[in-house]
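Comments concern the structure below.
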Amino acid sequence: MKTNLNKTLWRSVKQAKGRFIAIVMIIMLGVLLFVGIKAVSPDLYGSADSYISQQKLSDLRVVSTAGLTQADVKRVEKVSGAQVQSEKSVYILDQKRSDVAQLFAYRKADSQNKLKLKSGHLPRHNDEIVLDQLAKSKGYQLGDTYRVKNNGLKTQTYRIVGFVTSPLFVDDEERGAANIGDGSVAYFAYLPATNFKTSVYTALSVRFPKLQAQSSFSGDYKQQVQHKLSAVKKALRGRATARQTSLQQQATAQIQQQQQQLDQQKAQLTQAVGATVATQQLAPAQQKLTQAQQQAEQIQRPTYTYTKRAGNPGFQGYGDMTTRIAAIANVFPLFFFLIAGLITFTTMTRMIEEDRSQIGTLKALGYTKREIARNYLLYGVAAATLGTVLGVVIGANTLPLIVFKAMTQYVYTAVVLDYPLNAILLAVLFSFFVTLGAVSIVLTKELAEKPAALMLPKAPKAGKRILLERVGFIWRRLSFNQKVSYRNLFRFKARMWMAIIGIAGGTGLILTGFGIRDSISQSGIDQFQQVMHYQAVVSLEDNAKNVTTTLAQNPRYQQSLGLYTDVVSVSTSGEKVSQVSLDATDQTQQFKKYVSLTTKMPQTGIVLSQKLAKLLDVRAGDTVTVTNSDNQTARVKVRGVTANYAGHFIYMNKTTLNRLFADRYQVNTRLVKTQKQTAAQENAYAKKLLASDKVVHTEFISNQKKAIDQQAAKLNPIVWIFIFLSGLLSFVVLYNLTNINVSERIRELATIKVLGFFDGEVTNYIVRENVVLTLFGIVVGYGLGNLLTAFILRQAATSTVIFPLTIGWSGYVIAAVMTIVFTVIVMGVTHFRLKRVDMISALAAKE
């Protein structure tokens, strides 16, 4: 008996290959996207962590404006578990192209931030240098001569012996800022440390071996590094003042020595030419010493800057992008999978209902309920297993690779493919639930009936008047075929809603793909067109005078506004946000021309950007604590919240700032408006400004916009995968639902064919219903796509970026066109199938 059942099972698969393949395809697509996208973020993190581990990236870096000494090293070494590596570097202007390069000291014994060789070899002799692999695009090759011009280096000419990557620089689009040239580092290089004349260090790299077992992107790692950072800051407490005193003493001692030498010269000259002449001749030298003494007394307290891994160029961008993909992966594939599961459940249900007579026959022949159920359970297991295995293998091994290939600008080239076990387990459980669950539910109902009842076809559903019939002036104008189609639509409501859900789901998913792309791109457009209305931010030297004259040297300069800016932290009793830009102005009316606030600049109190307010959970009327860069704190009332899409900002007027931080207001930044400039023109302008003694750094808004656009572009592969697979799912869903519709109504279709309907009319009998369902499904899909996009964007928003819901008209058009094209293709296939209907077999009585 088991042999006969097995034959029946294989006959069912063979006779309805299209249905079995459709079930496998739907399950495969759902699993493929669910598991594949879930694998992308872990694979990206794994790739980065693998590189970081191999190259021994430091956890923290300490930089001082006055350099670091051995005393600083000893203090940091006392921090529990800390490994400290001192570093030296210098910025130079490339003699070949006038690009800014950062030259680092290379020591073979260094245990942190190890270079990864891409070609050639590492420096072995004092006249050898290795360049950033990015320098290849500047025209450099192995064996070329590399010339520098810097008094801090012993050797000025080197031979290029290799190209490398460094864990300190992970993104080819970002190499950090400099205080020379155009202010942006073009590439880095490493040369033997013995070439550096200076005795002080540029930076200290600190690594904690106990933290390396954790991913650099995990919450636990970030929390523990923050604790270590606090410990390092505590260890260096007081060093800034001590370093200031030391520098003043060194300068004073040198001046005193020079003064003694000058006094000796004066004594000798006095004996030779008299006191008056001697004093006149040595006056210039004496004046220089006096000025030097004044400068020594004015030596500022150095600033110590602490940077975690996230502060390295490109590191945060990589993490944000991966987090964004992870957020999308938590929503989109799940919804996709639910649609696939729903259609699979429906298909399995319809298959069993079609086999009523076969089930009745087997039951009459003496087969037990368990034996009959076995066939359908095996059918479901086979479809679920095949679909799941194909989906897991294809998804986990292709989607991450597609994303990796689109991210060639990052140094994390090692592809670490991992199978996300939790996602796979969920996919297996869901796949078996929608197949075996449908089998169990329907079989329980069918097997409860008598064999005689099962062997009879189900009585057709009774017809009834529909709502449209009550609208006489419309109903009377419809043809007979149209009336039949609309009655059938509302007669089989379950089938109608299943079709609408399937079509709307596919359309909505396609639209969501476009929505994700458009919304992420729009964040940059909104930020730099609706909020910020200037082209550059120029940071000024202390007490810089006549800055406007310097800025106006560019013929494209239009106007500028002076501000006081600072990087602060803002906190409440429960939350704290660091790296917040504080802008204070004494010209509130002019400020509106540079920054659009959606609330009025208050006379007292501050305005917060919306993401900052959300993170702190505050609104107008609440009080927050602001801590400035000198660690001074002040409590201030929030008077408003303004729209902002990238970064955190607080805005206030001059009076409020001076009240908070004791007459702190001094213009240290200018917002500059210019005519549109090319990248080359912006670089030339930045170089000219830095060459003056008034400007510290120039940041162009175009660079910030470019960075946001690049982040959006990196998601394009994911978006196109969504769109392609959503389209494929839509096609399979439409084909499957149409197949079910035709199978259920084959006697009805054969009947109208016998009555003399032509092939085209028979096809239109089905097509007319599908057209209505498709159009209605598209409309519902539009609403569904907007809701799903909005939800995903909320999940994908980072701690500093908000994505406005934006879907371009092209997304709506393409989503609708794709759905309509799939409908047309399915109808074409259906037409040829209906032409081959065997009317005698279809109408044969089953009593």
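Derivation of every value follows stated rules applied to the coordinates shown; laboratory data play no part. Here the structure is a predicted model, which is why all the values come from computation and not from measurement. In this analysis, Cβ positions are derived from the backbone assuming ideal geometry, glycine residues included, and neighbour counts consider all displayed protein chains.
So here's what we get for this one:
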| quantity | calculated |
| --- | --- |
| Principal-axis tilt of helix 493-525 within the chain, Cα atoms, nearest 10 degrees | 10 degrees |
| Order of Leu608, Leu467, Leu289 under a 10 Å beta carbon neighbour criterion, fewest first | Leu467, Leu289, Leu608 |
| The range 704-711 - phi-based ³J(HN,Hα) in whole Hz, Karplus 6.51/-1.76/1.60, Gly and Pro as x | 5, 5, 4, 5, 5, 4, 5, 4 |
| Under 16 Å from Lys149, Cα to Cα: aspartates and glutamates that are on another chain or at least 8 residues apart | Asp94, Asp99, Asp127, Glu128 |
| Selection from Leu401, Ala272, Ile21, by position along the positive dipole direction of the chain (Cβ) | Ile21 |
| Amide H partners (placed H, <5 Å) of Val696, local residues excluded | Ser539, Leu540, Glu541 |
| In degrees, nearest ten, helix 315-329 long axis to first principal axis of the chain (Cα) | 10 degrees |
| Total charge dipole magnitude, the range 55-240, about the Cα centre, Cβ charges on Lys, Arg, Asp, Glu only, Debye to nearest 20 | 700 debye |
| Protection proxy ranking, peptides 85-94, 324-333, average beta carbon neighbours within 10 Å, highest first | 324-333, 85-94 |
| Under 5 Å, built H, 5+ apart or other chain: amide partners of Asp622 | Val638 |
| Spin-label model distance (nm) - Gln254 vs Lys706, 7 Å beyond Cα toward Cβ | 3.9 nm |
| Dipole of the chain, positive direction: furthest Cα of Ala684, Ile740, Leu32, with charges on the beta-carbon | Ile740 |
| Dipole of the chain, positive end: most advanced residue of Leu715, Phe803, Ser726 [Cβ charges, Cα centre] | Ser726 |
| Percent RCO, i.e. relative contact order, over the range 529-643, from Cα pairs under 8 Å lying at least 6 residues apart | 27 percent |
| Antiparallel bridge percentage (DSSP; both residues within the chain; nearest 5) | 75 percent |
| Only Lys, Arg (+1) and Asp, Glu (-1) charged, at Cβ; the chain dipole about Cα centre in debye | 1700 debye |
| From phi via Karplus (6.51, -1.76, 1.60), per-residue ³J(HN,Hα) for the range 427-435 in Hz, x at Gly/Pro | 5, 4, 4, 5, 4, 6, 5, 6, 8 |
| Helix axis angle, 716-744 relative to the chain longest principal axis, alpha carbon, degrees | 10 degrees |
| Order of Thr623, Thr252 under a 10 Å beta carbon neighbour criterion, fewest first | Thr623, Thr252 |
| Likely footprinting exposure, Ile37, Ile802, fewest C-beta neighbours within 10 Å first | Ile802, Ile37 |
| Cross-link pairs beyond the 28 Å C-alpha cut-off, checked among Lys593/Lys654; Lys118/Lys688; Lys88/Lys714; Lys593/Lys637 | Lys118/Lys688; Lys88/Lys714 |
| Other-chain or far-sequence residues with amide H under 5 Å of Asp355's (modelled H) | none |
| Potential extension, Thr398-Val200 segment - 0.36 nm per residue separation minus Cα distance | 66.3 nm |
| For the range 48-62, Karplus couplings with θ = phi - 60° (6.51, -1.76, 1.60), whole Hz, Gly/Pro x | 5, 5, 4, 5, 4, 5, 5, 8, 6, 5, 5, 7, 9, 9, 10 |
